Amino acid sequence: MSVPERIVRAMNTLRLESWSETGLQILRRQNTPEMTEQLGGPETEQTVLDRHQRYLRLDSGEMLMVHLGEVAIGSVGYWEREWDGADVYETGYAIFPEFGGRGYAAEALRLAAGRAAARGARRYLHAFPHVSHAASNAVCRKAGFELLGEVSFEYPKGTWEQSNDWRLDLSALGV
């Protein structure tokens with residue numbers, strides 16, 4: 001007996017949930033050498049716990065859990081910052097490797113951008129993937145961001161790397 005198409009579609013629906021206590025499991029799963037290679041490497045357990053608490057308290061944006069049906073597959077978020085003399089949002093995203101290459105990161109990023117646009121507090125959303133991180137740069141391109149060029153970007157704190165500055169005009173989303 002096959003599963004009805006409407007159930008299959010519902011099981012494969014990508015959705016975002018506000019950060020909650022269950023987000024700690026996502027952070028721990030993301031804290032691997034593979035997933036943190038471009039971010040300075042895995043963090044200590046205490047640093048992961050501190051990050052989780054910051055995400056729970058974030059009021060200058062949102063940190064969100066990405067679900068495919070009922071399965072958590074990663075995270076996406078946006079937060080206020082100043083960049084190049086302007087008040088903007090910055091975004092970050094991480095999808096578990098076993099779900100990579102299927103467009104989920106770009107879709108999650110588009111959904112988060114829609115939420116940022118609805119806030120109406122900033123015109124632009126920026127992403128700063130390392131210049132050599134082909135997959136992350138492809139996510140920005142697929143999500144509709146415009147490549148502004150290479151910049152020197154600090155992440156983690158105290159570490160400066162060459163990153164691409166990708167920008168999405170939130171006012172163009174018509175939210």
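The values are calculated or read from the model by the stated rules, or taken from the named source; none is laboratory data. The shown structure was predicted, so the numbers you read here are calculated from the model rather than taken from an experiment. No Cβ is skipped: glycine too gets one built from the backbone with ideal geometry, and neighbour counts run over all protein chains shown.
Mind listing whichever residues of the range 119-143 are out of contact with any Ser or Thr (no Cβ under 8 Å at 6 or more places or on another chain) and more than 15 Å from TYR93 (Cα to Cα)?
Of all residues in the range 119-143, those out of contact with any Ser or Thr (no Cβ under 8 Å at 6 or more places or on another chain) come to 119-122, 124, 132-143.
Listed by number, the residues that qualify are ARG119, GLY120, ALA121, ARG122, TYR124, SER132.
Which pairs do you get when a residue that is over 22 Å from GLU150 (Cβ atoms), found in the range 115-129, comes within reach of a residue that is modelled with pLDDT under 95 and not in a helix (DSSP H, G or I), reach meaning Cβ atoms under 8 angstrom, with the pair 6+ apart or on two chains?
Taking only residues 6 or more apart or on different chains, the pairs are ALA117/VAL175; ALA118/VAL175.
Could you figure out which of (1) at pLDDT 95 or above; (2) among the aliphatic types (A, V, I, L, M); (3) farther than 21 Å from THR47 by Cβ isn't true of VAL175?
For VAL175, the failing item is (1).
Of the residues GLY149, GLY101, GLY120, GLY92, which is closer than 21 Å to HIS67 by Cα and surrounded by fewer than 15 Cβ atoms within 10 Å (Cβ to Cβ)? Spell out the reasoning first.
On the way: GLY149 fails: closer than 21 Å to HIS67 by Cα; GLY120 fails: closer than 21 Å to HIS67 by Cα; GLY92 fails: surrounded by fewer than 15 Cβ atoms within 10 Å (Cβ to Cβ).
One residue alone meets the criteria, GLY101.
How many residues are at pLDDT 90 or above, surrounded by 13 or more Cβ atoms within 10 Å (Cβ to Cβ), part of a helix (DSSP H, G or I) and not charged (D, E, K, R) if we restrict to the range 36-58?
So in the range 36-58, the residues at pLDDT 90 or above come out as 42-58.
Remaining after also requiring surrounded by 13 or more Cβ atoms within 10 Å (Cβ to Cβ): 42-43, 47-49, 51-52, 55-56, 58.
Then keep just the ones that are part of a helix (DSSP H, G or I); that gives 47-49, 51-52, 55-56.
Still in the list and also not charged (D, E, K, R): 47-49, 52, 55-56.
Within the range 36-58, residues that are at pLDDT 90 or above, surrounded by 13 or more Cβ atoms within 10 Å (Cβ to Cβ), part of a helix (DSSP H, G or I) and not charged (D, E, K, R) number 6.
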